[in-house]
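The structure is given below, and queries will be raised subsequently.
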Number of protein chains: 2
Amino acid sequence: MQRKPTMNDVAHRAGVALKTVSRYVNGDPTIGADYADRIREAIAELGYRRNMAAARIRPGQSAKMIGLIISDLSNPYFATLARAIELGAAAAGYMLTIASSEEDGARHDLLVDRLLEQQVDAIIDVPPRAPGRAWRDIPPPLPPLVFVDRPSDWAAADTVLADNAGGARSATRALLHAGAGTVAFVGDSVEIFTMGERLTGYRQALVEADRPVDDDLVRDTVHTVDDAMRVVLDLLAGGRAQAVFAANNRAALGALRAFRLAETFLPMIGFDEFEAAALINPPISVVSQDIQAMGRAAADLAVARLNGSDIPCTTTVLPTSLILRGSERLLPAF
Amino acid sequence: MQRKPTMNDVAHRAGVALKTVSRYVNGDPTIGADYADRIREAIAELGYRRNMAAARIRPGQSAKMIGLIISDLSNPYFATLARAIELGAAAAGYMLTIASSEEDGARHDLLVDRLLEQQVDAIIDVPPRAPGRAWRDIPPPLPPLVFVDRPSDWAAADTVLADNAGGARSATRALLHAGAGTVAFVGDSVEIFTMGERLTGYRQALVEADRPVDDDLVRDTVHTVDDAMRVVLDLLAGGRAQAVFAANNRAALGALRAFRLAETFLPMIGFDEFEAAALINPPISVVSQDIQAMGRAAADLAVARLNGSDIPCTTTVLPTSLILRGSERLLPAF
């Protein structure tokens, strides 16, 4: 047989009705074992393969594909988040098309267009630092949308966030409590929602402790580990920072590089767990997000919409936890 | 207009031929600027959207989608590899559907079936530890296939590997050269191609140095960081290992945890760079793979096949580099 085998061919070979084959390939568990065996054999013999791409363009059918846009797949935070979303999506039978926006609005919008052209069933999105087109300016129909890590101005979507302000506040408070007279903020652009929130939490902790907010100690231009290293070397040279709140994992790694280069260690707490945090001397204290829960919640919300849920859109804010390992304290020797 | 706008509607609104719109949406650069502007405006006004899903089932057209199967997206090695492949694919206009096999043959085969059902244009695959179905047992047609990180028994595919044996040999040699009388191998199952190669390189270095291969020092059951920590604690208790070759990043992190717990540091070299390697005291020496080059080569090979290349299938082996930072030497104090 040269042409591709069809579901009809399978039904013929198995000696069952076409409808029974259709029930089988759609996973109907009520099919008798004898029928299921005959259909399975016929599929194997004929080399029949479902065409999920064709399913996309049939009304009421789905290719079981969710699009995911993150900032950068090689950033461990986003890779872990993507993996958690993959696990949640897979549990409901969905695969993920994953793409990195690189925090660029134009690139993000291009990826959205590509995912819409691919007719994905839903989109899970981390809005980029540099905003592009507004969602309301995209011609409908839009598939279900879930924002994760950062919100969007588009109200018709579920959103899953971490308590960024609360985490930053508890970290800054812990540094002050351990004896730091001043705390520097080292992070990425406050145009990123999570960074703005973390700066807010940092300021709250200072105000609550009756400390002035010293703008010279707020450094929010750190996009890479190297940026962070340079900024922290500059803070060390300035001599006014007595402790560092590193507002993401890039900032924490860069600060540690600077401390090593300068052979001067300041008390420090990072935001986001990183693999080797406990292996460094002193072990590094961090604000930890429950990335597994965040990814799972985003996937579950998308799947619920795909299953027809029409409850009002929700914003879920997950708590963070402060893991104190020692780096928040002044050490006698380093 | 309630129905979805078509390419015909765009042509009508822009006052150009249907063929011109088709050339425009397919990126033909020879279209006059005036025509291009009119078509762009018509597309925006009408909200026209290409249907790439439909493109998949039209002969000679493509959805511009490549499937990628890796072991685990949350492992930084594979996340970095996936990102490098994404960059290469994006440069040619392809997106990636990414899925994690978890080293499980049955899960891997299910993912292959799903990608084939999705009619992806090509598949880039990291074969799992536990082999599943042979590729030759999958009914044709298969899209172009590229294996990366590990080879397969399927000859009709391009393959991109690192020089695992050479890297392991140079690491073991460096540990011996620095004065270790014995070197333990700590890694994952040798059923994984890369691990088998790394064990081969380790043995070669011992034989070349006229040292016996002590099977008690070869530990190849390390799937997780915790496994590695337990195995290295056991090696420390045994007292026969004078140095450790940690054959992947999980093994290296686990060994470092064991050293910290036991307050005993053995000279060590890891395989694969990890983020904080240079921040630990002593800084950790590693065998580094050029993951960017590997991912780019895999993407380029897939795209070349999609562009019609019919040269014989190739196997590319990329060199590794040994980065010595100090952890390969015995230290007076830790």
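The values are calculated or read from the model by the stated rules, or taken from the named source; none is laboratory data. Worth saying up front: this structure is predicted, and the values here are computed from it rather than measured. Heads up, the Cβs are rebuilt from the backbone with ideal geometry, glycines too, and the neighbour counts pull from every protein chain shown. Accessible surface areas use protein heavy atoms only, side chains included; no ligands, DNA or RNA. Shrake-Rupley method; radii C 1.70, N 1.55, O 1.52, S 1.80 Å.
When segment B:245-290 is examined, which residues are found to be buried (at least 20 other Cβ atoms within 10 Å of the Cβ), within 22 Å of the chain's Cα centre (by Cα) and at the interface with chain A (Cβ under 9 Å from one of its Cβ atoms)?
Within segment B:245-290, B:ASN249, B:LEU253, B:PHE274, B:ALA276, B:ALA277 qualify.
Looking at segment B:164-183, which of its residues are within 31 Å of the chain's Cα centre (by Cα), surrounded by fewer than 24 Cβ atoms within 10 Å (Cβ to Cβ) and of a type in the set (A, V, I, L, M, F, W, C)?
Within segment B:164-183, B:ALA165, B:ALA174, B:LEU176 qualify.
Which one of these is free of Cβ contacts under 8 Å to residues at least 24 places away in the same chain and closer than 30 Å to B:LEU301 by Cα: B:PRO151, B:PRO140, B:PRO144?
Of B:PRO151, B:PRO140, B:PRO144, the one residue that is free of Cβ contacts under 8 Å to residues at least 24 places away in the same chain and closer than 30 Å to B:LEU301 by Cα is B:PRO140.
List, please: which pairs have Cβ atoms under 6 Å, are six or more places apart or on different chains, and start with a residue in segment B:314-329 that is open to solvent by less than 50 Å² (accessible area, probe 1.4 Å) and end with one that is part of a loop (DSSP other than H, G, I, E, B) and not polar (S, T, N, Q)?
Close Cβ pairs (under 6 Å, with a partner that is part of a loop (DSSP other than H, G, I, E, B) and not polar (S, T, N, Q)) amount to B:LEU318/B:ASP290; B:THR320/B:ASP163; B:GLY326/B:PRO282; B:GLY326/B:PRO283; B:SER327/B:PRO282; B:SER327/B:ILE284; B:GLU328/B:ALA178; B:GLU328/B:PRO267.
Where in segment B:269-334 are there strands (runs of 3 or more DSSP E), lying fully within it, with 1 or more residues that are modelled with pLDDT of 95 or more and farther than 24 Å from B:PRO144 by Cα?
Filter on segment B:269-334 gives B:285-289, B:320-323.
Suppose the filter is away from chain B (no Cβ under 14 Å) and outside any strand (DSSP E or B); does A:ASP226 pass it?
No, not satisfied.
Follow-up question, since we're still on this one. Residues being more than 8 Å from chain B (Cβ to nearest Cβ) and touching a Ser or Thr at 6+ places or on another chain (Cβ under 8 Å): count how many of those fall in segment A:85-110.
Selection size over segment A:85-110: 5.
Taking segment B:233-256 as the region of interest, how many residues are among the hydrophobic types (A, V, I, L, M, F, W, C), touching a Leu at 6+ places or on another chain (Cβ under 9 Å) and closer than 22 Å to B:ALA165 by Cα?
8
Of the residues A:ILE124, A:ILE192, only one is closer than 23 Å to B:GLU86 by Cβ and within 14 Å of chain B (Cβ to nearest Cβ); which? Reasoning before the result, please.
Working: A:ILE192 fails: within 14 Å of chain B (Cβ to nearest Cβ).
Step by step, each of A:ILE124, A:ILE192 is checked, and only A:ILE124 is closer than 23 Å to B:GLU86 by Cβ and within 14 Å of chain B (Cβ to nearest Cβ).
I'd like the full set of residues that are open to solvent by 10 Å² or more (accessible area, probe 1.4 Å) and among the polar types (S, T, N, Q), limited to segment B:186-230.
Matches in segment B:186-230: B:SER189, B:THR200, B:GLN204, B:THR221, B:THR224.
Sticking with this one: Please enumerate the residues belonging to segment A:200-223 that are within 26 Å of the chain's Cα centre (by Cα) and not in a helix (DSSP H, G or I).
Of everything in segment A:200-223, those that are within 26 Å of the chain's Cα centre (by Cα) and not in a helix (DSSP H, G or I) turn out to be A:VAL218, A:ARG219, A:ASP220, A:THR221, A:VAL222, A:HIS223.
Same structure, new question: Restricting segment A:291-313 to residues that are β-branched (Val, Ile, Thr) and crowded, with 21+ Cβ neighbours inside 10 Å, which is nearest to A:ALA255 (Cα to Cα)?
For segment A:291-313, the residue satisfying everything is A:ILE291.
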